[in-house]
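What follows is a single structure, written as structure tokens, with notes after it.
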Amino acid sequence: MVTLGVARISDQGLHLIDQQLVAARRASNTQLLPRLSALLDQLGIERHQVGSVVVGRGPGSFTGVRIALATAKGMAQAAGCALVGVSTLDAIAFNAQISGVRGEVGVVADAMRGEVYPVRYRLTDQGVERCEADAVLKAPAAAERWRDAGLQLTGDGLAKHAALFSACGAPLPRELWNATGAGLVACAEAAWRGGGAHPFDARAHRPGAVLPVYTRLSDAEEAERARLAMPAPRNLVSGVQSASGARAGSMHARAAIDARQAVSGVAYRPLDADRVSSVAAIEAAVMSGDPWSEPMLASELSAAGRVWWVALAPEGADAAGESVPLDDLRVVGYAGCLVVDGEMQVLRVGVSPDMRRHGIARELLERCARDARDLGAARCSLEVRAGNASAQGLYRSLGLQAGGVRPRYYADGEDALIMAGPLPIGAHRAGGMSLRDQVSAAAANGDPDAAASVVGNARSMAAGSVEGPVRPLILAIESSCDETGAAVIDGEGTLLADVVASQVDFHARFGGVVPEIASRKHVEAICGVCEECLEQAGARLGQGPLAWADLDAVAVTYAPGLMGALVVGVAFAKGAAWAQGLPFIGVNHLEGHLHANKLGAADLRPPLVASLVSGGNTLLVEVRDWGDYRVLGETIDDAVGEAFDKVAKALGLGYPGGPVISRLAAQGNPDAIAFPRAMLHSGNLDFSLSGLKTAVTSYIGKEREVGRPLNVPDIAASFQQAVIDVQVAKALRALEETGATTFCLGGGVAANPALRAAYQQACDQRGVRLVLPPLSACGDHAGMIALVALERFRQGRFFGLDADAQARCDLERPY
Ligand code: KG4
């Protein structure tokens, strides 16, 4: 059910102007925006007049809630307005209240699988009082809980379970069973009246902070929790929408993110008085010569223009991986800065010796930098011991450069090197994930072509251009699998920013991508990733953050991929495009991988043959022109990356398997074990990898059975060689059959060094031009989606706001 409402605000409160209820039947992504747009048109309301978006956070259908939330986030973020999240169950109760219902009410929403979300309320003339927290229960158990309670019942759970609940009271009329626009608005108003922020307060109601209410873990997490006999996480069930629902909701979001940081091992907090003595202890241990004392550190807390952060970790390595209360974490690092005259001066950075090389100092400095920016800083400077090469390396990697020297600066007579540069805020976190800057990665990889084509142009623009960026400017979003990405491209094909938040850490313990976790992470990360992207793009143009209004189009991967992951990007992108009245472009993910090769060679032109090898695809494609593709062959079972991952799993090497297998293979003998070359002589260009995977796993099983120690490098090398032999042989045949003289590679497996080398050798021998994507552009990222989007923009090929995500898509008919 898609529920819409439009309200006007005045000093007296929120007044509903109109509302609509649309039976969307699993197609809410196609219905939501077109209906909303039509409703506003009908009411004569312009989109820029929208000052606040109110959205139901659930509980409800996971996908439905995510579509609504992602759309609302896109709308609010692009419009720069507030996003108020309210409980969908509360909205049902409020709807009953404003319809005149009074007394005890039980809301029973359908949770599928024979379960319901039951919450009890008290409705009075004054408003709605929530009497129970959110929960998900088997319908009979919920009915038992309310037996003989004499409630007035409502909610769509009654449709399936009317008989069960007949002992709990009498149903209200059916038209009161859904959340309505009126209910959502009333909920938001009550939160405001109860002391929450004004619904138009965009700083208090930040779109990035609103998250769905989940009352269940994903199935994979649930199984893992049961296996490890862990208690149910406290941060999951949130009955937070009482008086100041919206505010509590965003606090809940923050708590969830922080808890996850603790799970990944290290949490970060601003320094407080309780932790000053721990910081002093580390100072004393690691600062040779001139440590700051506890009173000196304590005085920093109240001094002006100071920013201090600490890193916290569980006692001992074993505790990592479990949710440890913050109070039980010990201080393992700290950084302190002084902001003066637009500059952040780094005062101290220290990390416990046993916690070095975990990126803690970098993270601390980035956090300081973000705060310093809020205090008006734009640049950073610091002194570092002339002999401390590793610290200097870290600062260089954060973009600082050595300037002058302060002779005999330290108490022991050592010189200080002065380092300075822009604020080190290249990578921060979104939804508990660190953000990778693909543009800098290409440059840092020493990939000269890629770096030049990606950043060179941007630099020259930043340095001299007075005309501003070359149009069009397009923001592209990628969310098809387990990476949330956003990129901005200009009219010359230069990527001004390309930011990725990888979820791989969250999936690793399950040995593969868990779709439900992927969807959840995209919802958490998408606002932060886009914000960072616009900020970086602006910085590369030598200005402040780009605004959504500066863009000419919004693009997104719409297929193929994980449905629940794709819908988040598609809904968000549509919401954002709508809010700014921008054209909306849908991009096929596989076409993105093909175009990533342009980052390896800007002059790349079809005709060519390309191999796409990733965790989900194995394809040989003839590219007759950009947009004109013929699939020459594909896998009939597993994808190549999947085979790498499964073999790694069988060897106990963790996920993802590709990188670790290729590292080990480099030390092994590729001829040690004769694994099958499936379909090498099949006469067509198809592939099969499941037989190879089975051959490797049964080899491992047999060796273990007879008690022989495994030679893991040899197994890795022999497996990898079996893959490469077939890949290269079929690629050569495809080149012969098509007569193409250029060959390209794409997808995560394209990062495999042995595969790249094998293609190089084969192509060199035959005079074929080989173009490879830079290593940083092999995996999923939004830069490649932006490259396709630019072509689509030039062709004037746009999608409507009724577009939806698609799990599958034929590359031969990508649109
Ligand atoms: O394209 P991608 O990032 O995601 C999709 O599947 O869409 O590809 C990820 C896959 C994983 O299966 C991973 O194991 C594999 O690419 N991979 C590699 C290497 N690096 C990543 N496979 C072989 N060798 C590598 N060096």
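The values are calculated or read from the model by the stated rules, or taken from the named source; none is laboratory data. Since this is a predicted model, take the numbers as computed values, not measurements. Reconstructed Cβ throughout: ideal geometry from the backbone, glycine too, with neighbour counts over all protein chains shown. Ligands, DNA and RNA are stripped out before the accessible areas are found, and what is left, the full protein with its side chains, is counted by its heavy atoms. Shrake-Rupley method; radii C 1.70, N 1.55, O 1.52, S 1.80 Å.
Note on the chain: antiparallel DSSP beta bridges, both residues inside, total approximately 75 percent of the bridges counted. The order of the peptides 728-734, 99-105 by mean Cβ neighbours within 10 Å, most packed first, is 728-734, 99-105.
Taking all protein chains together and rolling a 1.4 Å probe, MET296 ends up with roughly 90 Å² accessible. Charged neighbours of VAL523, selected by a Cβ distance under 13 Å, balance to +3 (K, R count +1; D, E count -1). Other residues within the sphere of radius under 9 Å centred on the Cβ of THR484, judged by their own Cβ, net out at -3 (K and R +1, D and E -1). Past 20 Å, Cα to Cα, is the threshold; run LYS702/LYS730; LYS598/LYS730; LYS646/LYS702; LYS649/LYS730; LYS521/LYS649 against it and keep the listed order. Beyond 20 Å between Cα atoms: LYS702/LYS730; LYS598/LYS730; LYS649/LYS730; LYS521/LYS649. Estimated from helices alone, the mean residue ellipticity of the chain at 222 nm is -12000 deg cm²/dmol (sum of -39500 (n - 2.57) over DSSP H runs with n ≥ 4, per residue). Remark: the chain projects, on average over all directions, an area of 38.4 nm² (convex hull of Cα atoms). If you roll a 1.4 angstrom probe over the protein chains with everything in place, what fraction of the accessible area of the range 1-215 belongs to carbon and sulfur, to the nearest %? Summing carbon and sulfur atoms, their accessible area is 50 percent of the total for the range 1-215.
Annotation: amide H-H contacts under 5 Å for ALA7 (H modelled 1.01 Å from N, sequence separation of 5 or more, or interchain): ILE17.
Per-residue Karplus couplings for the range 398-403, computed as 6.51 cos²θ - 1.76 cosθ + 1.60 with θ equal to phi - 60°, are listed in order as 8, x, 8, 10, 5, x Hz, Gly and Pro entered as x. Heavy-atom surface analysis with a 1.4 Å probe gives the range 568-642 a carbon and sulfur content of 42 percent of its accessible area. For the range 608-772, DSSP calls about 60 percent of its internal beta bridges antiparallel. Averaged per residue, the chain has 40 square angstrom of accessible surface, using a 1.4 angstrom probe with ligands and nucleic acids left out.
Of the residues LEU394, ALA639, GLN345, the one whose Cα sits farthest toward the positive end of the charge dipole of the chain, with +1 on the Cβ of Lys and Arg and -1 on the Cβ of Asp and Glu, is ALA639. Span-like helix criteria (full DSSP H runs; alpha carbon extent of at least 30 Å along the helix axis; mean Kyte-Doolittle hydropathy of at least -1.0) are satisfied in the chain by 515-540, 712-738.
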